Every structure is written in structure tokens, then in C-alpha cells.
Amino acid sequence: VARPSWWYDIVDGLPDPIVKDGFIDVWDRPGLGVTFRVDEARKRLHASDKGFFD
């Protein structure tokens, strides 16, 4: 499973590792069960995509 070094910086709530023995656990949290950290993701955008979250 590909895992960029910044992945856990932009998403809170993911187990590490996400895939274990070929399976992904189903969480009991609402929605996807994770929180996307826009502030951290914004730092990693390519220059041509800087307005993506605006």
C-alpha cells in the first residue's frame, strides 16, 4: 500500500497501518471516521493548485 510521508499529517483518525493482513477495519465513528486537515493539506499543494480550498 502506497503511503506518502505526509499522509498522516493531513488526516486525523486513521489507524497505522490502514491495511493489515489485506483488510481494512470498519470504524464505528460517523461518516468516514476521519478528519481531513485542510490547513496541513494546503501546505502540500502544488503551486498551480494553491486556490484549491478557496
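The label point for residue 21 and the one for residue 40, both projected 7 Å from the Cα toward the Cβ, are 2.8 nm apart.
Helix-derived [θ] at 222 nm for the chain: sum -39500 (n - 2.57) over DSSP H runs of at least 4, divide by residue count, nearest 500? Can you show the working numbers first?
Numbers: 2 runs with 10 residues, N = 54.
One gets -3500 deg cm²/dmol as the mean residue ellipticity at 222 nm.
In terms of its alpha-carbon gyration tensor, segment 7-49 comes out prolate; a/c meets the 1.5 threshold, and the first ratio a/b outweighs b/c.
Each peptide in 12-24, 32-44 receives the mean, over its residues, of other Cβ atoms within 10 Å, and ordering these scores from highest gives 32-44, 12-24. Seen from residue 53, the other residues with C-beta closer than 13 Å to its C-beta sum to a net charge of +1, counting Lys and Arg as +1 and Asp and Glu as -1. Here the 3J(HN,Hα) profile of segment 4-10, calculated from phi with Karplus coefficients 6.51, -1.76 and 1.60 at θ = phi - 60°, is x, 4, 8, 3, 6, 7, 9 Hz, Gly and Pro shown as x.
Laboratory data are not the source of any read-out in this text; all were calculated from the coordinates shown. Small disclaimer: the values here were computed from a predicted structure and weren't measured. Every residue, glycine among them, receives a Cβ derived from its backbone with ideal geometry; neighbour counts consider all protein chains shown.
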